[in-house]
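Nothing in this text is a laboratory measurement; each read-out follows from the coordinates by a stated rule. What you see is a predicted model; the values in this text were computed from it and never measured. Cβ placement follows ideal geometry from the backbone for every residue including glycine, while neighbour counts extend to all protein chains displayed.
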Amino acid sequence: MRPLALIAVAAAMCSACAAEPLAPVAAPTRASFDPSLIAKGAQLAAIGNCRVCHTAEGGKSFAGGRPIETPFGTFYGTNITPDPDTGIGGWSEQAFVRALREGIDRDGRHLYPAFPYEYYTRLTDEDIHALYAYIATREAVHAQNRPHELRAPFNIRALVATWKAIYFERAPFRPDPARDAQWNRGAYLVNGLGHCGACHTPRGALGAEKKDRPFSGGIAEGWHGPALDARSPAPVPWTAEQLFKYLRTGLDDVHAIAAGPMDPVVRNLARAPEEDVRAMAAYLEALAGPPSAERRKKADAALAQAKAGSRANGRGAEIYAGTCAACHDRGREAGSGGALPLGLGTAMTIPTSSNLLRITLEGIAPPEGQPGRAMPGFADALTDGQVKDLAAYIRSEFGRAPAWPDVEQELRKIREERK
Amino acid sequence: MISLDVNGKTQELDADPATPLLYVLRDYLQLNGAKFGCGLGQCGACTVLVDGRAVFSCVTPISTLAGRRITTLEGLGTPEKPGRVQRAFIAEQAAQCGYCIPGMIMQAQALLERTPHPTSGEIRKHMSGNLCRCGTHMRILRAVERAAREP
């Protein structure tokens, strides 16, 4: 059945599918929680990336208001501070658990899966308890939630009940006894709190994970979340050690600099327990599996190219030479920047031009007032024609792949957003 | 030969198309307002305007500039007759060593051309790619605010 027809039928069936409201409670006091529990909750919240979606740019932590672009419209992160009127101050732990496990708010309304309860449903009782202690002890901020701006029919909240009935699988995390403790810890964090699949797993027309192809590449706010499984587009296969370094610092010499929605993720993971990030890295290394002989050969070629630098001619190559090479091209030894040689990055090898175009136009910048690596954006320096020439050159020279079919369309989209 | 429009004058140049605009301004055209800071687009000392937008001239190859309007510090005014943003920077004595100031002025000019009355937050955000090592940021911010007030 076509997705929209499915929705219509389901809407007729399910107009009264909301759950029971849970009674409001007085917000618990800080003294009612063990400080070590709050500290544990803080580390878990860092892995869960909670602050990012629930904090507006320049706004107070967890007070909501951040726009999250999706194919269904714009969601606004909600206020999860303990303010009783506008936040979740009146939520009992039971209500908090229900939201994370079942995607239902205190009033009994279904939550949109933009809140990743598909993943949080796998959390243990102890972890949810610690998260509750942490969230309940944040500064209460009075800030009304901004209504989501969703396209019809996605703006009909009752439809979420149907969506859940079809796609939402409520199941705790089940460790694999055949694997070691570190792998299992990593699996729990990556598939639960870390909700990595939210961006790295492809989704169908109704936004549900394609469960038969987990971690084979997804989308995130206009960016492509590269595949993390054996389809990984990384020119050099990742090792657990490199993944650990990247997840902690956002940088690995032969792979990547974190950009776009991944930047806040690594900023948060820098504060998570080291052994947890190591476990995630070990799990992800195993997920990709040992590289084939052919992949190793390609990796050697990419590493050799990174050392040698580029030599091509043409319009795109000229722009690359004058714009990118000072930092990105070791063969030229022009600068002290030491930025990633482009032949090692995934933005060049993924199936869409979106990430390369976004980085080229917008650059990479740390959040306002925070330290971090920066690359200037070239949206004002380069015309559309020049960006296309540059992208074509970079794709062929460093991505070693056929031209992207979507450059025109992606470029128009990004230019439109910047207006 | 490459033809460039710099401060309203057409300049014919015989240079490698990948040459950064900054080198051409300083070495060929003796327009020394834009400074070489890092050569990597990381400090903003080389900022000029291209079609009214601030760009880092050290990472802008001249091959990208045919038919586009380039404005340098020299295009905003002269020592005898400084432009509005330049006057504001002088009035606020916004320079210590002064090396970053040409870039700061061009960045501020780009802001005010598009946003004549920026908020203090908008000024900070817009200027954040330009670095000053001496620490005259507060004076620079005041200078931009002053320029926005003046006709």
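Classify segment A:266-377 from the C-alpha gyration tensor, please: rounded if a/c falls under 1.5, else prolate or oblate depending on whether a/b exceeds b/c. Oblate, because a/c is 1.5 or more while a/b does not exceed b/c.
Relative to the longest principal axis of the Cα atoms of chain A, helix A:181-191 runs at roughly 80 degrees. Here's how it looks for A:Val141: its modeled amide H is under 5 Å from those of A:Thr81, A:Asp83, which are all 5 or more places away or on a different chain.
For peptide B:63-71, compute the average count of partner chain beta-carbon atoms within 10 Å of each residue's beta-carbon.
On the way: counts 9, 13, 3, 0, 1, 2, 0, 0, 0.
Across B:63-71, the average partner-chain Cβ count within 10 Å equals 3.
Neighbour counts of other Cβ atoms within 10 Å put B:Cys38, A:Cys53 in the fewest-to-most order B:Cys38, A:Cys53.
Need one value for B:30-39: mean number of C-beta atoms belonging to other chains within 10 Å of its residues' C-beta atoms. Let's see the in-between values first.
Working: counts 0, 0, 0, 0, 0, 0, 0, 0, 5, 6.
The shielding value for this peptide is 1.
Tally Lys and Arg at +1 and Asp and Glu at -1 over the other residues with C-beta under 9 Å from the C-beta of A:Thr81: what net charge comes out? Provide the component values of the computation, followed by the final result.
Numbers: positive: A:Lys60, A:Arg138; negative: A:Asp83, A:Glu139.
Net local charge, A:Thr81 excluded: 0.
By the scheme Lys and Arg +1, Asp and Glu -1, what is the net charge of all other residues having a beta-carbon under 15 Å from that of A:Ile47?
For residues surrounding A:Ile47, the net value is +3.
Number of Lys-Lys pairs in chain A with C-alpha atoms under 28 Å apart and a separation of 8 or more places or on different chains: 15.
Each peptide in A:150-159, A:83-92, A:344-353, A:266-275 gets a packing score, the mean of other Cβ atoms within 10 Å over its residues, and the list from highest to lowest is A:344-353, A:83-92, A:266-275, A:150-159. Each residue in A:Phe115, A:Phe215, A:Phe72 was given a count of other beta-carbon atoms within 10 angstrom of its own, and listing them fewest first yields A:Phe72, A:Phe115, A:Phe215. Dividing the mean sequence gap of close Cα pairs (under 8 Å, 6+ apart) by how many residues segment A:273-419 holds gives a relative contact order of 21 percent.
Restriction of the GluC sites (Glu not before Pro) in segment A:185-250 to DSSP coil positions whose beta-carbon has at most 15 other beta-carbons within 10 angstrom yields A:Glu221. If a/c stays under 1.5 just call it rounded; otherwise compare a/b with b/c (prolate if a/b is bigger, oblate if not). Do that for segment A:338-419, with a ≥ b ≥ c from the square roots of the Cα gyration tensor eigenvalues. The shape class here is oblate.
Only Cα sites of the protein assembly as shown enter the Debye sum here, all with the same form factor; the resulting log10 I(q)/I(0) across q = 0.08 1/Å is -0.64, listed in q order. Just checking the listed ones, A:Gly48, A:Gly204, A:Gly64: in the Gaussian network model of chain A with Cα springs under 10 Å, the one fluctuating most is A:Gly204. With axes computed from alpha carbons, what is the tilt in degrees of helix A:384-397 against the longest principal axis of chain A, rounded to the nearest 10 within 0 to 90? With rounding to tens, the tilt is 80 degrees. Legend: ranking of residues A:Tyr119, B:Tyr28 from fewest to most surrounding C-beta atoms inside 10 Å; resulting order B:Tyr28, A:Tyr119. The angle separating the long axis of helix A:293-308 from the principal Cα axis of greatest extent in chain A is about 60 degrees.
For segment A:92-241, the calculated P(r) over all alpha carbon pairs, in 5 Å bins from 0 to the bin holding the longest distance, is 2, 8, 14, 19, 20, 16, 12, 6, 3, 1 percent. Entry note, chain A: relative contact order of 13 percent, from Cα contacts under 8 Å with a spacing of 6+ residues. Evaluating 6.51 cos²θ - 1.76 cosθ + 1.60 at θ = phi - 60° for every residue in segment B:110-118, the Karplus couplings come out as 4, 4, 5, 5, 9, 10, x, 10, x Hz, glycine and proline recorded as x. For the segment B:48-58, counting C-beta atoms of other chains within 10 Å of every residue's C-beta and taking the mean gives 3.
If we count every other residue with Cβ under 14 angstrom of B:Val144's Cβ, Lys/Arg +1 and Asp/Glu -1, where does the sum land? Present the calculation step by step, with values, prior to reporting the outcome.
Working: positive: B:Arg84, B:Arg87, B:Arg114, B:Arg124, B:Lys125, B:Arg139, B:Arg142, B:Arg146, B:Arg149; negative: B:Glu92, B:Glu113, B:Glu122, B:Glu145, B:Glu150.
Around B:Val144, the surrounding residues sum to +4.
The ellipsoid that matches the Cα gyration tensor of chain B has semi-axes, each √(5λ) in whole angstrom, of 26, 15, 14, with the longest given first. Looking only at B:Gly52, B:Gly83, B:Gly135, which one moves most when chain B is put into a Gaussian network model with springs between Cα atoms under 10 Å? Answer for the Gaussian network model of chain B: B:Gly135.
With a Förster radius of 25 Å, plug the Cβ-Cβ distance of A:Glu416 and A:Ala374 into 1/(1 + (r/R0)^6) and report the FRET value to the nearest 0.05. So, using R0 = 25 Å, E works out to roughly 0.55.
The Rg/Rh ratio for segment A:10-121, using Cα coordinates for both the radius of gyration and the Kirkwood hydrodynamic radius, is 0.98.
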